[in-house]
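Input: a single structure, listed below in structure tokens.
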Amino acid sequence: MRTYVKGSRAERELIDYFSVNGFCVIRAAGSGVNSLSPDILVFRRGIQIGIEAKAWEKENLNIAREQFENLKKWEDISGITCVVGWRRNRKPWYFVPLSIFKENPKSFGINWENAQALGKTKEEFCR
């Protein structure tokens, strides 16, 4: 339950941020329950992004193979770019394209250093 509360709080933080910065925002029904779609959809003229939000403290973020493959499938079918938004306590959000994750036997993963180097901050998304 604690993980769900932390995750939904992180999602609300993103919803508030993107709303204030001129985006239309939708939180997916069942967010946190199923892995069929991204948690949040953000839209602004010419920009469409699906965000899978992760508030995770460890140095490595791994997303279960099934969830990751569902995100890729959703991206392919919808034509909307999907990213993983990752935040650690007292650190900024980084938004990482699915293509940057490394495939492992049971999951797809990235480390914090690569997320910072290759991802975008939320301010970069709002330009």
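Rule-based calculations on the coordinates, nothing more; no lab input. Small disclaimer: the values here were computed from a predicted structure and weren't measured.
For segment 39-86, how many residues meet the condition of being acidic (Asp, Glu) and under 9 Å from the mean Cα position of the chain (by Cα)?
Residues that pass the stated criteria total 2.
Would it be correct to say that residue 100 is of a type outside the set (S, T, N, Q) and over 14 Å from the mean Cα position of the chain (by Cα)?
no
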